[in-house]
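Peer 1: What follows is a structure written as structure tokens; I'll ask about it next.
The values are calculated or read from the model by the stated rules, or taken from the named source; none is laboratory data. Given the structure is predicted, the values throughout are model-derived calculations rather than measurements. FYI the Cβ positions are ideal-geometry reconstructions off the backbone, even for glycines, and counts take in every protein chain you see.
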Amino acid sequence: MNMINDAKQVARHEAARAAAAAGGEFLTFRLGAEEYGIDILKVQEIRSYEPPTRIANAPAFIKGVVNLRGVIVPIVDLRVKLGCDSVEYNGFTVVIVLSVRGRVVGAVVDSVSDVLELHGDTIKPAPQMHTSMDTSFITGIGSISERMLILMDIEALMSSADMGLIDNAAR
């Protein structure tokens, strides 16, 4: 059964890479000095940051949970998850509320920039990196004049095994 789930995950990820390469609309946001983009269709809403209720023994990148109109939403700090140098909560810090495989998840980011439409010719394949860190969620690099945008498959990142947010059977 694990091989089937792994094959499904690989197929979904390759589909996300192909979709990113074809272009589309991306919500752009900042984590430290870097700018990232995710498929706008995965975004449910953007909220100002409010400290969540901490969950005992949760990994450092899971900040806790919030009650969003009766739905308990886990909050993941992408800055901690992706190893940003400093994590500071200020007036620009926001939570991007995402719909990932039928589950609502919040992602803390430094700030949201804008929504950009990228065409396939402005997106380059993600570089192959042989590091101990998992970079399989990076689907491509978008170039808009002087801006470089790291495009990510937010669904793959949020449903990775180390996150523990999405059940393997749901994959």
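Peer 1: In the range 63-92, how many are more than 21 Å from Arg103 (Cα to Cα) and part of a strand (DSSP E or B)?
Peer 2: 0
Peer 1: May I ask you to verify whether Ser132 is closer than 25 Å to Gly23 by Cβ, polar (S, T, N, Q) and either at pLDDT below 75 or out of contact with any strand residue (DSSP E or B) (no Cβ under 7 Å at 6 or more places or on another chain) (or both)? Walk me through it before giving the result.
Peer 2: Working: closer than 25 Å to Gly23 by Cβ: no; polar (S, T, N, Q): yes; either at pLDDT below 75 or out of contact with any strand residue (DSSP E or B) (no Cβ under 7 Å at 6 or more places or on another chain) (or both): yes.
Answer is no for this residue.
Peer 1: Something else: If you take the residues in the range 18-36 that are more than 16 Å from Leu78 (Cβ to Cβ) and surrounded by fewer than 19 Cβ atoms within 10 Å (Cβ to Cβ), which one is modelled with the highest pLDDT?
Peer 2: The qualifying residue modelled with the highest pLDDT is Glu25.
Peer 1: With respect to the numbered conditions (1) of a type in the set (Gly, Ala, Ser); (2) in a loop (DSSP other than H, G, I, E, B); (3) in contact with a Leu (Cβ under 9 Å, 6 or more places away or on another chain), which one is the sole condition not fulfilled by Ala107?
Peer 2: Tallying (1) of a type in the set (Gly, Ala, Ser); (2) in a loop (DSSP other than H, G, I, E, B); (3) in contact with a Leu (Cβ under 9 Å, 6 or more places away or on another chain), Ala107 fails exactly one: (2).
Peer 1: For Asp39, indicate whether it is in contact with a Phe, Trp or Tyr (Cβ under 6 Å, 6 or more places away or on another chain) and either surrounded by 12 or more Cβ atoms within 10 Å (Cβ to Cβ) or at pLDDT 90 or above (or both). Step through it out loud before you land on a result.
Peer 2: On the way: in contact with a Phe, Trp or Tyr (Cβ under 6 Å, 6 or more places away or on another chain): no; either surrounded by 12 or more Cβ atoms within 10 Å (Cβ to Cβ) or at pLDDT 90 or above (or both): yes.
It is false that Asp39 is in contact with a Phe, Trp or Tyr (Cβ under 6 Å, 6 or more places away or on another chain) and either surrounded by 12 or more Cβ atoms within 10 Å (Cβ to Cβ) or at pLDDT 90 or above (or both).
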